[in-house]
Amino acid sequence: VLNLFENFIRFIGKNSFYGTLIKIDNKLMSQKIEYLEMCAFCGIREKQEALNLENNLLTSLKDSIFFDLENITTLILNNNKISYIEDHALNNLKNLKTLELNFNLLNRINNIILNFLPKLEKLNLNNN
């Protein structure tokens, strides 16, 4: 069991969860995370279905930031400070059905980003 409630984690580095058998799902919300390094979630042995990074301090999503999370169907990034998403930031999320980006600072999303999400059914961009 992994409990990270109210820890004020600011940075998640490469391979931070490598070899673990845990579901991350809601364990990283409300942590004050400012930066995710590429491959931060690589090598997790337990297949993830959802990732909730809500209520953090992320300002951008870099290319391949969610590498090795191809089974994710729900990604929640509400209430961050995201103003920019690089073109290939979400390119590994082939099974993503729900993407929530409410209450961020986005002005636009390039079409190429959505082209990498063939199963996307729900995209929430309220209050940007």
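The values are calculated or read from the model by the stated rules, or taken from the named source; none is laboratory data. Because the structure is predicted, anything quoted here is derived from the model rather than measured. Neighbour counts run over all protein chains shown; Cβ positions are idealised from the backbone, glycine included. Heavy atoms of the whole protein, side chains included, go into the accessibility calculation; ligands, DNA and RNA do not. Shrake-Rupley method; radii C 1.70, N 1.55, O 1.52, S 1.80 Å.
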Item to complete: Evaluate the following for SER16: is it open to solvent by less than 40 Å² (accessible area, probe 1.4 Å), outside any strand (DSSP E or B), hydroxyl-bearing (Ser, Thr, Tyr) and in contact (Cβ under 8 Å) with a residue 12 or more places away in the chain?
Response: no
Worksheet item: Out of curiosity, is LEU21 exposed (fewer than 14 other Cβ atoms within 10 Å of the Cβ) and farther than 26 Å from ASN7 by Cα?
Response: no
Worksheet, complete the sentence: Over region 45-63, the set of residues open to solvent by 50 Å² or more (accessible area, probe 1.4 Å), touching a strand residue (DSSP E or B) at 6+ places or on another chain (Cβ under 9 Å) and farther than 16 Å from GLU34 by Cα is GLU49
